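Have a look at the structure below before the remarks.
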Amino acid sequence: MTASIDGPDLEFSGVTKIFSGRAVVRRVSLTVQPGEFIAVLGPSGSGKSTLLKIAAGFEFPDEGCILLRGKDVTTEPPYRRNVNTVFQSYALFPHMSVADNVAYGLRRKKVPQTEIAHKVKEALALVGLHRFWDNSPTTLSGGEQQRVALARALVNRPAVLLLDEPLSALDLKIRRRMQIELKRIHQEVGTTFLFVTHDQEEALVMADRIVVMREGALEQVGTAREIYDAPVTPFVADFVGELNWLDANASSGAAILSDGAQIKLPEASQHRRGPVRIGFRPEKMRLAPIDAVIGPQDNGVRATITSVTFQGPITTVDLRLTDGMIVRCQSSATDTIELPEKGGTVLCLWQIGSTLVFDASPTEQT
Amino acid sequence: MQVGPAVALFLVFLAAPLTVTIGMSLFRTTIFGVDWTLTLANYAKFFSEWLYTDLLLKSLRMAATITVVVILISFPVAFWLAKIVRPGWKITLLLLIFAPYWVSYVIRTYAWMPLLGRTGVVNYVLMSLGIIDAPLDVLLFNEFSVQLVMVYIFLPFGMVPLYLSMDRIDDNLLRAAADLGSTPASIFRHIVLPLSAPGLAGGTITVFVLAIGSYVTPRLVGGPSGIMFGNLIADQFGASFNWSWGATLSIFLVTATLAIVALISSRVSLNRIFLQP
Ligand SMILES: Nc1ncnc2c1ncn2[C@@H]1O[C@H](COP(=O)(O)OP(=O)(O)O)[C@@H](O)[C@H]1O
Ligand SMILES: [Mg+2]
């Protein structure tokens, strides 16, 4: 059902938006391919909603342009753009039935009545709400309202569907279910999705590609795996998932901690010299007996266990390194060693390949 | 008892005066005082001469005109205040618009006389600009001036309910409508108008009821041709001292007013007017 034409569905090209002297979106360039599910991820206030509003036509950029299926729509009003939005607050029309809400866009386009009835039925079936045809949207639960909003947008077959934190008003359980549901609907209709969220887990679970935003600018664009395993800045590394940080001094392929312990650097970071920040994920870490041998592919540091928290599927162990720095280990493998008591000393191991190295410049500290 | 206070209010402010009024209308006042025999003579008198029905119809027409003009002015201004003005500016603008209304109703009516009179500001400006040669008499002491001044005086009663019901329309509803292909005109027709219907009905009823019962403004700026039904009633309780006739006229006015209110509220339920969802 995607466009028969070639080329991207949506393109931001050098888009900047200024509110009262402050650039809220800065020189954003992004190309969205037909059928892609893209998550725009960033902390609150990073400009995600503004970027989406610019695509929808609710705001106009101060610089740059927006192309929709190759056509420049930068100055077009919303009603002349082939995109539709799903709002966080649902924004269903309270004075209309569910069916009239869904039919709204088709009626504005003067689609024949019989065709409207057919399409509305189809759209409501897609989101599993055909029984609620005549209901007032105000009588529906949050999850149901969000489905109506989705049907109301998708029934128009937009080139791109824009979703602004559509699930964040729902409670956790329903949110999980809607994430799966939304993914299914995306696959079923094949429409391009541009999905804004501040929830990194949601972005990782749902998107083909993730766009990380920070203070209005794109920090990194990539697949979930790229963003998670190879973050290009400490900000991305910290925002997506948890990270252990160690301050060290790099020289000839290794970084030295203040107590003299050595961290071997991965191939790409061998050239580094001077102060660096070393990062590694808690779940990539294993604990081993203090006298274990550190393999040639591994990094290892000694640490004292400060607490052990059993959380069902995983166990979280907090440790203190001999130079005082704190690290955390999250593991399902409780059988690697018999965990010593709190206060015991162990060896923390992780692969050299999963060691992240960043500049220690103070501005990048988070 | 939840309904206790409401019942008390109803008895004191509505049922009691209405009963007294109906009671009074059933006697006749003569030059010797009240004749205490029950009679429908007052009602017969009302229909015996066209004068009274004519004045009632004319007053209904004037009140309707005033209401329509107030609503036509209020709609765009209320929309502008509720949806276009930046939130930080709203209070300032509301205060600026309503500041004149802190001054007494009577003073605000008098203020129009130096504006509209033969030697008033409007005539002066028109003559200095050479648009007219002689001062216009049509500006004051007629139906026009009564309606003009009452539109001005009752404007807030139309504007406030409209502003309140527009202010509670979620901005995202307007965005959603535009997003789904609505032009500004279509957004107005399909979203703004239906969602502000409670405020529209509330404002319409309030302005109409206030206008139809007015007698101070017609007295001050109406002249002989601008007189309204309220003046006729007021005269019976004043100069003519014919309370039973005044009571009868009041009942006709109340009946006509209630009929109009019932007509409006049959279109928009009273629930939605007073308990906006
Ligand atoms: N209409 C506006 N006027 C002024 N500032 C705005 C406006 N809209 C958003 N902002 C500011 O722009 C920044 C980014 O907002 P937004 O795009 O909503 O971020 P996000 O959706 O990532 O939380 C915020 O600091 C916000 O206060
Ligand atoms: Mg937002």
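Just so you know, all these numbers are worked out from the coordinates, no wet-lab data involved. Because the structure is a prediction, the values reported are computed rather than measured. Cβ coordinates were reconstructed from backbone atoms using ideal geometry, including for glycine residues, and neighbour counts include every protein chain displayed.
Laid out as a table, the results:
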{"read-out": "Computed helical MRE - 222 nm, chain A, DSSP H runs ≥ 4 contributing -39500 (n - 2.57), nearest 500", "value": "-7000 deg cm²/dmol"}
{"read-out": "Contour excess over end-to-end distance, with Cα ends at residue B:39 and residue B:186 and 0.36 nm allotted per residue", "value": "47.1 nm"}
{"read-out": "Segment residue B:138-residue B:171, extension gain: residue separation times 0.36 nm, minus the distance between their alpha carbons", "value": "7.4 nm"}
{"read-out": "Interatomic Cα distance distribution for the protein assembly as shown, bins of 10 angstrom, percent", "value": "3, 11, 16, 15, 13, 13, 10, 7, 5, 4, 2, 0, 0"}
{"read-out": "Most mobile of B:255, B:21, B:92 in a GNM of chain B (Cα contacts under 10 Å)", "value": "B:92"}
{"read-out": "Principal semi-axes in Å for chain A [√(5λ), Cα gyration tensor, largest first]", "value": "47, 25, 16"}
{"read-out": "Alpha-carbon Rg with Dmax, taken over the range A:162-295, Å", "value": "19.2, 57"}
{"read-out": "J(HN,Hα) series, the range A:276-286, from Karplus relation 6.51 cos²θ - 1.76 cosθ + 1.60, nearest Hz, glycine and proline x", "value": "9, 10, 9, x, 8, 7, x, 7, 9, 9, 10"}
{"read-out": "Full-extension gain in nm, residue B:77 to residue B:254, via 0.36 nm per residue minus C-alpha separation", "value": "60.6 nm"}
{"read-out": "Among A:117, A:268, A:230, residue whose mean-square fluctuation peaks in a GNM of chain A (springs only between Cα atoms under 10 Å)", "value": "A:268"}
{"read-out": "Point-to-point label distance, residue A:359-residue B:30, nm (Cα→Cβ direction, 7 Å offset)", "value": "11.0"}
{"read-out": "Per-residue HN-Hα couplings for the range A:200-207 [Karplus 6.51, -1.76, 1.60; θ = phi - 60°; Hz; x = Gly/Pro]", "value": "4, 5, 4, 4, 5, 5, 9, 8"}
{"read-out": "Förster-model FRET efficiency, 30 Å R0, residue A:201 and residue A:80, C-beta, rounded to 0.05", "value": "0.25"}
{"read-out": "Compactness of chain B as Cα Rg over 2.2 N^0.38 Å, two decimals", "value": "1.21"}
{"read-out": "Estimated 222 nm signal from helices in chain B, with DSSP H stretches of n ≥ 4 weighted -39500 (n - 2.57), rounded to 500", "value": "-20500 deg cm²/dmol"}
{"read-out": "Inter-part distance where the range B:119-139 and the range B:230-263 are each reduced to a Cα centre, Å", "value": "38"}
{"read-out": "Cβ-based net charge around residue A:321, under 10 Å, with every Lys or Arg adding one and every Asp or Glu removing one", "value": "0"}
{"read-out": "Principal axes of the range B:106-194: Cα extent on each, largest first, Å", "value": "57, 32, 18"}
{"read-out": "Within the protein assembly as shown: Cβ-based charge dipole about Cα centre, in debye rounded to nearest 20 (Lys, Arg +1; Asp, Glu -1)", "value": "1480"}
{"read-out": "Relative packing of B:197-206, A:118-127, which averages over residues the other C-beta atoms within 10 Å, highest first", "value": "B:197-206, A:118-127"}
{"read-out": "Dipole of the protein assembly as shown, positive end: most advanced residue of B:254, B:169, A:266 [Cβ charges, Cα centre]", "value": "B:254"}
{"read-out": "Relative contact order of the range A:243-364, pairs being alpha-carbon contacts under 8 Å that are 6 or more residues apart, as %", "value": "32"}
{"read-out": "Computed magnitude of the charge dipole of the range B:49-274 (debye, nearest 20; Cβ of K, R +1, Cβ of D, E -1)", "value": "520"}
{"read-out": "Average beta-carbon neighbours from other chains, 10 Å sphere, peptide A:76-85", "value": "4"}
{"read-out": "Sequence-separation-based contact order of chain B, relative, with Cα cut under 8 Å and 6+ spacing, percent", "value": "26"}
{"read-out": "Amide proton proximity set for residue A:160, modelled H, under 5 Å, gap of 5+", "value": "A:84"}
{"read-out": "Karplus (6.51, -1.76, 1.60) ³J(HN,Hα), θ = phi - 60°, over the range B:233-247, in Hz, Gly and Pro reported as x", "value": "5, 4, 4, 5, 8, x, 3, 6, 6, 10, 5, 5, 5, x, 5"}
{"read-out": "Centre separation in Å (Cα based) which lies between the range B:189-208 and the range A:103-144", "value": "27"}
{"read-out": "Calculated FRET value between residue A:183 and residue A:122, using beta carbons and R₀ = 22 Å, to 0.05", "value": "0.65"}
{"read-out": "Inter-site label distance for residue A:114 and residue A:247 at 7 Å from Cα along Cβ, in nm", "value": "7.6"}
{"read-out": "Cβ-Cβ FRET estimate between residue A:314 and residue A:291, R0 fixed at 30 Å, reported to 0.05", "value": "0.70"}
